[in-house]
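Report on the structure given below.
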Amino acid sequence: MLSFLDRSHTIAKPGYSRWMVPPAALCVHLCIGQAYAFSVFNLPMTRLLGHAQSGPGDWKLTELGWIFSLAIFFLGVSSAVFGRWVEEGGPRRAMFTAALCWAGGFFVSAIGVYVHNLWLIYLGYGVLGGIALGIGYISPVSTLIKWFPDRPGMATGMAIMGFGGGAFIASPLSVWLMSKFSSATHVGVAETFIVLGIVYFFFMIVGSIIVRVPAPGWKPAGYVAPTQSVGLITRNDVFVYDALKTPQFWLIWWVLCLNVTAGIGVLGQASAMSQEMFPGHITPVAAAGFVGLMSLFNMGGRFFWATTSDYIGRRNTYFVFMVLGFLLYCTVPHTGAIGSVAGFVVCFLIIISMYGGGFSTVPAYLRDMYGTRYVGAIHGLLLTAWSAAGIFGPVIVNYLREYNITHGVPKAQAYNNTMYIMAGLLVIGFICNFLVKAVDARWHMAADDTRGKEPVGA
């Protein structure tokens, strides 16, 4: 039965529409995108014992915060470790594995909630869930690029936007489920975890069944592949581990890391930042609406910027991120000084759209540099930049804010230095992106190179 998961069993038959692949990818990405909504469980889990309020023995928010951090850490680690396995085994096996880990993470976490053991939740959502995030995130990348050689940015953008938009479904669904399972002596978190695990498993399995890889030699009708490399777009492939030896990999690693660092720090503190910079003008309800709007732009930016990169090029798209981001971060303190809520909101909506766009554009960037053969595995290795940024960003924002307030800076101005530091990071990112050149021909794989030979149907 497990042979059904083999790559050879996923080769598309004549008549299969390549437009079925993005929905298959979305089935996975919309599910694992729940990670962005995990914070809705934090407060309820601080009163599992006290119910109405935190009681003796209940967990603190600082302890619960490690759940998400662990998940993001293992996202980067698993995408790097299993990247080649995903690439060579095909998308169906990877999506199926991600579904098992994702559902299993929720089930183990439900047991942890039931017996009140935080380490089980660390293991469940943090480790198992994090592995599912990494494998599931990269599972459709190279397949989409091979189905859409004419529009690789648009193709990956369609799928990866699902990760940014998954919170739109997960947040209200999770709150609704907890309200249905809660009572005067019960907060309903464990049952909600179980239901989510079942629902997500079903949809991810549907995606794994739908997905196909193109038959050998397939190409879109009317598409003529370039006969030689043009600029940064190569016609050659680079072996996955040889990519690590090229300066281009590490330059793009820093480009992604710095772009994500600048965005993820403010994304996690958007609600508090907006209220503290505009006291009396932005209420908690309005701040929650602002966070929701940012999620929408995070999702939309993934599709918009990735599609744009098909026309202006991946390197130029990142130049836009760095230059425009620099100007916007420098503008944010001014919006606070003049009390312009609208200016503040517009700045961050554009910033967050570019944060999401950075994720969706980088797979096509790697395809341009290293070819299609191992782009999924190389993408997995590059996602360690996300793990690093997940630490750098929040630390910069949170600790600088705390330092400023401790030294007498008003809360409304406590983020000013942070914004200028973020702008400075983007200057470094601009330089790294500027230094990216075409990969030296000595790293190109020869036609008879048998290292990691892809199975038939790749």
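Pairs meeting the criteria (first residue in segment 347-363 and under 16 Å from PHE163 (Cβ atoms), second residue β-branched (Val, Ile, Thr) and modelled with pLDDT under 90, beta carbons under 6 Å, at least 6 apart or on different chains) are PHE359/ILE160; SER360/THR156; SER360/ILE160; PRO363/VAL141; PRO363/THR156.
Looking across segment 433-446, the residues that are of a type outside the set (D, E, K, R), more than 14 Å from PHE326 (Cβ to Cβ) and in contact (Cβ under 8 Å) with a residue 60 or more places away in the chain come down to LEU435, VAL436, ALA438, VAL439, ALA441, TRP443, HIS444, MET445. There is no residue in segment 166-181 that is outside any helix (DSSP H, G or I), of a type in the set (A, V, I, L, M), under 19 Å from HIS116 (Cα atoms) and over 13 Å from the mean Cα position of the chain (by Cα). Filtering SER54, SER109 for residues that are more than 28 Å from HIS9 (Cβ to Cβ) and touching a Ser or Thr at 6+ places or on another chain (Cβ under 8 Å) leaves a single hit, SER54. The residues of segment 298-322 that are in contact (Cβ under 8 Å) with a residue 12 or more places away in the chain, in a helix (DSSP H, G or I) and farther than 15 Å from ALA159 by Cα, listed by number, are THR308, SER309, ASP310, ARG314, ARG315, THR317, TYR318, PHE319, VAL320, PHE321, MET322. The residues listed here are ILE233, ILE264, ILE205; of these, the one that is among the β-branched types (Val, Ile, Thr), closer than 30 Å to LEU128 by Cβ and at pLDDT below 85 is ILE264. Within segment 404-424, residues that are of a type outside the set (S, T, N, Q) reach partners that are exposed (fewer than 14 other Cβ atoms within 10 Å of the Cβ) and part of a loop (DSSP other than H, G, I, E, B) with beta carbons closer than 8 Å, at six or more positions or on different chains, in the pairs LYS411/PRO279; ALA412/PRO279. Each residue in segment 43-62 was checked for being exposed (fewer than 15 other Cβ atoms within 10 Å of the Cβ) and under 28 Å from LEU293 (Cα atoms), and 3 pass. Considering (1) modelled with pLDDT of 95 or more; (2) more than 30 Å from THR418 (Cβ to Cβ); (3) hydrophobic (A, V, I, L, M, F, W, C), the lone condition that VAL240 does not fulfil carries the number (1).
The values are calculated or read from the model by the stated rules, or taken from the named source; none is laboratory data. Everything quoted here is computed from the prediction, not taken from an experiment. FYI the Cβ positions are ideal-geometry reconstructions off the backbone, even for glycines, and counts take in every protein chain you see.
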